[in-house]
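A.B. asks: Pasting in a structure now, in structure tokens, and then I'll have a few things to ask.
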Amino acid sequence: MNPSVFVFAYLAIVIYIGVFAFRKPHPTGAEDFFLASRSLGPFVFLLSLFGTNMTAFTILGSSGHAFHNGIVTYGLMASSSALIIPLTLFVIGTRIWALGKKYGFMTPVQMFRDRWECGHIGTLIFALQAALLVPYIIIGVIGGGTTLSAISGGVVPYWFGGAVVAITVMSYVFFGGMRGTAWVNTFQTILFLCFGAAALILIGAGMGGFESAITQLQNSPGTNALLTRERVPPLFFLSYTFIPLSSIAFPHIAIFCLTARHMTQFKKTVIFYPLCLLAIWLPCVFLGVAANRVTDLPKIQDKIVARQTLAQQGPQLTIEDRGALRARMSADDIVLLLLDKYAPLWLAGLLGAGIMAAVMASDSQILALSTMFTEDVFAFYGGKQRFGESVQVNTGRIFVVLVTMFAYFIALKYPQNIFDLAVQYAFSGYAALSPLLFGALFWKRSNRYGALAVTLWVILAVAATAVFKSMVPSPLGPPVTIHKLAGLDLVSRTANGTAILGLMPVVPMTLISALLMIVVSLLTPSPSTATIRRYFNS
């Protein structure tokens, strides 16, 4: 029996949960479909909010990145995220919840429009948020296709696996809305937290134990650097502290904040979020690093050989040969390969279902896009008033189908490295948008012109980064300086991406966004006194 049978059984359970949420008697209307009537309890709120952050990026992307870069991966993402994400949930999430409860907001853009007395600027913010969220949805499809293909030993092709995941997610989001999505995320989070620990213990034992694996890596000249921060420059490492700012700026996280029944639920979330983060990131990173000492898996050895060949002969190779080697190096399937090797058939299937649980967290992003489109575009421009609330909900369902299909075809045509795709576009772009939230919620003087300046800047910066990456390939050795200023390396291309004065682009993008919000707002008229009183009680 193929272990993918267990994964398909899991997918059937997930669809049932979504349909059950649809059939269970509950209030009808847009607020119920998109926000579960703001009634999620503390347990479901914590696990669904955490689960929507734990996507294919966390499970597959982190282990693949750790395979090539070492334990520094944990320091890059998990350590700063465990501090900054709970802090932003407490400081910003509670404020969003209170304003949403008071004024009936269902999306961040609705709040921005009301706070800054703007209309079409809000539409521009929606368009940018939607564009930045699509890569994250694509990641879910890529992760699903990769997981099913690897778990089945290639019996299930990548294109079919991605289609199965896309249809499954589309189905329960279509029927269950926020309630179905929250229940599924809760189930998925419990499943992976349980099976993730089992995978760590089982695979570690199969490789000879944790201590033996680390000792062998440490004693080998070719792998001892994986146990240090050596592969990531200090300023690049520091730059990653800006990445978690993107979490609260993600519209699906902000919308999830609106679903809590009581504000007190945020307290438990802030306390337990770092513990859940540790429980998921630690095994993924460890298994990715430890995979470098596996000698009896040809697919893993081929990745190592490709990495060594690229490092040693890269400058002499053609562009096509370099691309082929980079494709061979892709390590998003590392955990799945280890699972197939060291777990019994039945347990590999169960653990594969657990991994699939985390991979499928793109459901919240799809629902968020649907919510934003129906509220920020359809309803804002008169669709709800003309056609009614039931048509609004059905429009949201149609949008779910269209977005899922678009993400699937992009993932099929342009498969990319999960970790890099998330960091370079989704995380960096949303981190640079975080000054919108800080300005709207905590600075009376912020206005629509400052918000417009930030939005236009982020559009320009993300587009420029993408164009620069496509035009200048990453070097195989030391960083290559592209532009100098006053003797400093202003823009460099590195093996890890693009650097601005040695920092990741997310740092200047976010700092310039904050500066634009301040300067432009001070140079232009402030919002009306009535609006300021509504938000600051003064």
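FYI, it's all coordinate maths here, none of it is from the lab. Predicted, not measured: the structure shown is a model, and the values here were computed from it. Note that each Cβ is placed from the backbone with ideal geometry, even for glycine, and that neighbours are counted across all protein chains shown.
A.B. asks: What shape does region 449-538 have by the C-alpha gyration tensor, where a ≥ b ≥ c are the square roots of the eigenvalues, rounded means a/c under 1.5, and otherwise prolate means a/b greater than b/c and oblate the rest?
C.D. replies: Verdict is prolate for region 449-538.
A.B. asks: Rank the residues Val294, Val472, Val289 as a footprinting-exposure proxy: fewest other Cβ atoms within 10 Å of their Cβ go first. Show your work: numbers first, answer last.
C.D. replies: Values: Val294 20, Val472 14, Val289 26.
Fewest to most other Cβ atoms nearby, the residues stand as Val472, Val294, Val289.
A.B. asks: With the calculation restricted to Cα positions, what are the radius of gyration and Dmax of the chain in angstrom?
C.D. replies: Here Rg and the maximum Cα pair distance are 23.0, 71 Å.
A.B. asks: Angle check, please: helix 345-359 long axis (alpha carbons) against the longest principal axis of the chain (alpha carbons), in degrees 0 to 90, nearest 10.
C.D. replies: 40 degrees
A.B. asks: Right, next: What size of dipole, in debye to the nearest 20, comes out for the chain about its Cα centre when the only charges are +1 on Lys and Arg C-beta atoms and -1 on Asp and Glu C-beta atoms?
C.D. replies: Approximately 1180 debye in magnitude.
A.B. asks: Now, a different point. Between Phe210 and Trp346, what's the calculated FRET efficiency when r is the beta-carbon distance and R0 is 25 Å? Round to 0.05. Provide the component values of the computation, followed by the final result.
C.D. replies: Details: r = 24 Å, r/R0 = 0.96.
The calculated FRET efficiency here is 0.55.
A.B. asks: Ranking request for peptides 334-341, 520-527: highest mean number of other beta-carbon atoms within 10 Å first, then the rest in descending order.
C.D. replies: Descending packing order for the listed peptides: 334-341, 520-527.
A.B. asks: Using only the Cα atoms of region 200-257, build the gyration tensor, take square roots of its eigenvalues as a ≥ b ≥ c, and label the shape rounded, prolate or oblate: rounded if a/c is under 1.5, else prolate if a/b is larger than b/c, else oblate.
C.D. replies: Numbers: a/c = 6.13, a/b = 1.69, b/c = 3.62.
Oblate, because a/c is 1.5 or more while a/b does not exceed b/c.
A.B. asks: Going highest first, how would you order 124-130, 31-37, 318-324, 387-393 by mean Cβ packing within 10 Å?
C.D. replies: On the way: 124-130: 20.7, 31-37: 22.6, 318-324: 11.7, 387-393: 15.0.
Order by mean packing, descending: 31-37, 124-130, 387-393, 318-324.
A.B. asks: Now, a different point. Rounded to the nearest 500, what is the 222 nm mean residue ellipticity of the chain from helices alone, with -39500 (n - 2.57) per DSSP H run of 4+ residues and division by all residues?
C.D. replies: After summing the helix terms and dividing by the residues of the chain, the value is -22000 deg cm²/dmol.
A.B. asks: Using only Cα atoms, find the angle between the long axis of helix 4-23 and the longest principal axis of the chain, and express it within 0 to 90 degrees, rounded to the nearest 10.
C.D. replies: 10 degrees
A.B. asks: Something else about it: What's the ranking of 174-184, 500-510, 80-90 by average number of surrounding C-beta atoms within 10 Å, highest first?
C.D. replies: In decreasing order of mean packing, 174-184, 500-510, 80-90 become 174-184, 500-510, 80-90.
A.B. asks: Right, another one. Where Lys and Arg each count +1 and Asp and Glu each count -1, what net charge lies around Ala30 among other residues with Cβ under 11 Å from its Cβ?
C.D. replies: Local charge sum for Ala30: -3.
A.B. asks: Here's something else I'd like to know. Give me the number: length gained by fully extending Ala98 to Met405, i.e. 0.36 nm times residue separation minus the C-alpha to C-alpha distance, one decimal in nm. Working shown, then result.
C.D. replies: Numbers: separation 307, 0.36 × 307 = 110.52 nm, distance 3.50 nm.
Full extension of this stretch gives 107.0 nm more.
A.B. asks: Remind me, what semi-axes does region 434-486 give for its equivalent ellipsoid, largest first in whole Å, using sqrt of 5 times each Cα gyration tensor eigenvalue?
C.D. replies: Each semi-axis is √(5λ); the values are 34, 12, 10 Å.
A.B. asks: Can you compute the modelled spin-label distance between Phe536 and Phe90, with each label point 7 Å from Cα toward Cβ, in nm?
C.D. replies: Label at Phe536, label at Phe90, 2.5 nm between them.
A.B. asks: Sticking with this structure for a sec: Find the relative contact order for region 258-373 and round it to a whole percent, using C-alpha pairs within less than 8 Å whose residues are 6+ positions apart.
C.D. replies: Working: 39 pairs, mean separation 23.0, N = 116.
It rounds to 20 percent for region 258-373.
A.B. asks: Okay, moving on. What number comes out for the charge environment of Leu437, summing +1 per Lys or Arg and -1 per Asp or Glu over other residues with Cβ under 13 Å away?
C.D. replies: +2
A.B. asks: Then there is this: With angles folded into 0 to 90 degrees, how steeply does helix 428-442 sit against the dominant principal axis of the chain? Use alpha carbons for both and round to 10.
C.D. replies: 30 degrees
A.B. asks: Among the lysines, which have Cα under 20 Å from the Cα of Lys299 when same-chain residues fewer than 8 positions away are ignored?
C.D. replies: Lys341
A.B. asks: Further, regarding this structure: If you stretched the chain out fully between Asp302 and Ala514, how much longer would it get, using 0.36 nm times the residue separation minus the C-alpha to C-alpha distance?
C.D. replies: Answer, rounded to one decimal: 71.8 nm.
A.B. asks: Can you list the lysines whose alpha carbon sits under 20 Å from that of Lys384, skipping same-chain ones fewer than 8 residues off?
C.D. replies: Straight-distance partners of Lys384: none at all.
A.B. asks: In nm, what is the difference between 0.36 nm times the number of residues separating Ala327 and Leu490 and their Cα-Cα distance?
C.D. replies: 55.7 nm
A.B. asks: How many nm is it between the label spots at Phe468 and Val391, if each spot is 7 Å from the Cα in line with the beta carbon?
C.D. replies: 4.6 nm
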